[in-house]
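One structure is given here, and the rest of the page talks about it.
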Amino acid sequence: MKDSFGRSINYLRISVTDLCNLRCKYCMPEKGICKVEHKDILSLEEIYEIAKVFVSLGINKIRLTGGEPLTRKGFVNLVEKLGNLDGIKDLAMTTNGILLKKYARDLKSAGLNRVNISLDTLDEEKYSQITRGGRLKDVLDGIDVAKSVGLTPIKINTVLIGGFNVNEIEDFVNLTRADEIDVRFIELMPVGEASKWAEENFVSNEVILDKVNTLKSVERLDPSSPAVYYKLPGAKGRVGIINPISCKFCDYCNRVRLTSQGKLKLCLHSNEEIDLKDKLRQGEDIEKIILNAIKQKPEAHHLEDGQYITDSMYQIGG
């Protein structure tokens, strides 16, 4: 399945819920969000039906996101059904890790291959502060269990925030020394709630190589990956640098997103959406709608021109 610019689209990110058990300051309002009516979100059965169509069209990589996907009742069963689809080569999940200790073993048994864990600080007090009440220990315990059951390589996604965690760069990098853990530093993006933070707290990822000058670049095996990888000498894991602001990677974009409300997003940084939920419920030809939509995928985002989207990541899918 190719878009109008010749890019092969083989990666689907599915948000199963916009609800989360944390209230991270750059993602969610302090008082939380207005709960969407049950009828307005895709059922797990509908998610599976849409995913099945995408896989028949050439999608071979699926990542499940939220909000926090592990708060969705029946999530493990969905993982099992998706994992059994012919053609799926990689089934992964992005999580905040809070519930991972409880579910990691069941997720592995159901067919999940690996996890990405969002973690912006290794300091207990700072973690509680930025998540508005989360416990760092829950995440660290979840990482340990995920390692023990083989949900590897684990990727830790760390948003670099000026005045908050720049002094922890070396600590995060050191996590890659002894374990199969990739730490990926992501520039703070002006998306939804984070738009209020971006100008004051933006830090270019160039600071990472300045602070840890022993990092050596490694071969980029997948040009569609947004991360450029480095390694410490002798380390088991890697350090990834993702620069959506200072260095675009749109030329190799291979992904689309399905929100929990059934909207197909062709670009993370675009407000344009195609409604699949209502079309599915009306019995329309979803395959035809998807194929036509892929041809509308934009060539690039325009963050550098100040064209920011209004939705927050919990609404889109992390």
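Here, each number is a calculation from the coordinates, and none is a lab measurement. Fair warning: this is a prediction, and the values are worked out from it, not measured in the lab. Reconstructed Cβ throughout: ideal geometry from the backbone, glycine too, with neighbour counts over all protein chains shown.
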> Longest exposed-loop-site-free stretch of the chain, with GluC sites (Glu not before Pro), DSSP loop and at most 16 other Cβ within 10 Å?
Replying inline: 38-179
> Hey, if you drop one equal point scatterer on each alpha-carbon of the chain and run the Debye formula without solvent, what base-10 log of I(q)/I(0) do you get at q = 0.13, 0.14 Å⁻¹?
Replying inline: -0.97, -1.15
>> Test of understanding: what is the full-extension gain from Asp285 to Asp40, defined as 0.36 nm times their sequence separation minus their Cα-Cα distance?
In response: 86.2 nm
>> How many angstrom lie between the Cα centre of the range 12-68 and the Cα centre of the range 110-133?
In response: 18
> Along the range 17-27, what does the Karplus equation 6.51 cos²θ - 1.76 cosθ + 1.60 (θ = phi - 60°) give for ³J(HN,Hα), rounded to whole Hz, x for Gly and Pro?
Replying inline: 6, 9, 7, 8, 9, 10, 10, 4, 4, 8, 10
>> Under a crude label model (7 Å from the Cα following the beta-carbon direction), how far is Ser109 from Lys211 in nanometres?
In response: 4.0
